[in-house]
1. Quick check: net charge around ALA175, other residues with Cβ under 9 Å of its Cβ, Lys/Arg +1 and Asp/Glu -1?
2. Please report the spacing between the Cα centers of region 138-163 and region 194-251 in Å, no decimals.
3. For LEU311, what is the net charge nearby, where nearby means another residue's Cβ is under 14 Å from its Cβ and Lys, Arg count +1, Asp, Glu -1?
4. Residues with amide H under 5 Å of ALA175's amide H, sequence separation 5 or more or different chain, H placed in the peptide plane at 1.01 Å from N; which?
5. Tally Lys and Arg at +1 and Asp and Glu at -1 over the other residues with C-beta under 13 Å from the C-beta of ALA268: what net charge comes out?
6. How big is the antiparallel share of DSSP beta bridges in region 126-291, given as a percent to the nearest 5?
7. Going by average Cβ neighbours within 10 Å, how do the peptides 329-341, 168-180 rank, with the highest at the top?
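Computed from the coordinates by the stated procedures, all read-outs in this text should not be read as laboratory data. Every value quoted in this text rests on a predicted model; they were computed, and no experiment measured them. Cβ sites come from the backbone with ideal geometry, for glycine too, and all protein chains shown count toward neighbours.
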Amino acid sequence: MRRRFDPSLAVLVPVILGGVATLAVLCADMLPRIFPAIFLAQGILVPAVAAGLAVATVAAVFVLLALRPIRRLLSATPPVLPATAAAAPRPFGEFDRLGLVADQMAEALGKLDARAQFPEMVGESRVMRGVFSHILKVAATDATVLVIGESGTGKELVARAVHAKSARSNGPFVAINCAAIPEGLLESELFGHEKGAFTGAHARKRGRFEQADGGTLLLDEIGDMPLETQAKILRVIEARQVERLGGEGRGVPVNVRLIAATHRDLPAMIAAGRFREDLYHRLNVFPLRLPPLRERREDIALLADRFLDALRPGATLSVEALQGLLAYDWPGNVRELKNVMERAVVLACGSPVAPAHLRGLLAADADRDACVSGAGDGLDARVAGYERALIEAALSRTGGVQARAASLLGIKERSLWHRVKKLGIDPALFKGTGGK
């Protein structure tokens with residue numbers, strides 16, 4: 001088994017400097033041969049050695065003086081980054097401590113830089129700082145960006161950040177949700193129309209591409225765009241001009257930086273024939289994947305505090321409630337967390353947010369655990385609690401729309417209505433909480 005030797009900084013640095021000085025002394029022996037008129041052939045070695053030692057001594061003094069603040073920093077800064085399991089039995093040397101302190105400083109500086117660069121976005125986890133780094137890199141170019149992520153992860157915030165950090169930041173930022181506009185009106189919204197192009201077109205209208213000229217256009221939920229419109233988007237990207245509906249072949253040049261966003265699996269849609277492969281390759285120049293909230297749990301406390309402070313300044317979150325937030329998987333991601341915090345603030349009525357205020361969230365986990373363990377008041381009570389948790393979770397996901405909640409639960413709407421009435425659930429509490 002190999003033994004590891006950890007020399008002190010105060011010993012290692014002078015030894016290295018002394019070796020360099022000794023090498024200089026040995027080279028100095030050649031001086032009389034090169035310059036015989038200046039140096040005597042005999043007796044040069046002893047003065048050279050003395051000079052070398054003097055150089056090494058002076059250099060060592062300066063190094064030791066320079067090491068004093070570093071060693072004070074090491075002694076005053078406890079290492080918070082844990083060592084690996086393989087390295088744990090070995091005691092730390094000064095080099096190990098210096099490396100850990102450097103890692104701590106880099107971590108802290110990275111978090112401070114993330115806050116300064118992206119004040120509108122909350123994220124100090126390593127994965128989010130990686131996203132921020134990619135945003136800064138692609139923002140310096142005009143490359144098309146494809147933002148991929150689950151619903152509620154903040155894809156529009158990322159698109160706005162790319163625009164704000166780009167050279168087009170003084171230009172307009174225009175966003176359009178391709179899933180929210182009926183198919184018959186989508187092309188008019190994107191490309192505009194001329195007066196009289198169709199019934200109701202009483203005046204010329206500039207489309208979103210023209211409105212974003214000189215700036216950035218976000219095509220949100222591009223995966224829900226009809227195939228026919230996808231072909232026209234592809235032509236706009238290639239020709240850099242749009243044709244208004246009823247424009248009779250007259251193209252309008254546009255200078256737009258394009259960002260597309262989707263929560264769908266576009267390669268799977270291509271295989272199913274529901275998305276154009278050529279458009280996908282045009283959009284997928286620089287893909288940016290946003291992690292779901294369950295992959296960045298270290299940001300949950302920061303996000304919850306941000307939402308609480310915006311909803312009710314001074315509001316606090318109990319330790320038990322925070323533990324529940326950290327244990328939940330957040331299928332609705334950041335948007336769901338925001339809605340849960342808003343509802344909790346209303347239910348808390350000025351008191352600290354507790355687990356009891358996180359309705360429809362932690363109840364499902366608690367009732368499930370009670371059913372598994374056999375704890376609780378009785379089978380009927382546990383079944384009723386589990387039923388309530390499922391219904392409240394479905395209403396939360398659908399924004400209080402009972403028809404959609406019934407479909408999500410796999411039951412008829414009338415059956416859900418009877419269950420809601422029996423359990424005393426108020427669907428109005430969940431209005432506006434559904435994610436897209």
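1. Cβ neighbours under 9 Å give a net charge of 0.
2. With region 138-163 and region 194-251 each reduced to a Cα centre, they are spaced 21 Å.
3. Residues near LEU311 contribute +1 overall.
4. Counting only residues 5 or more places away or on other chains, the set is LEU218.
5. Residues close to ALA268 contribute a combined charge of 0.
6. For region 126-291, the DSSP antiparallel bridge percentage is about 20.
7. The most tightly packed comes first, giving 329-341, 168-180.
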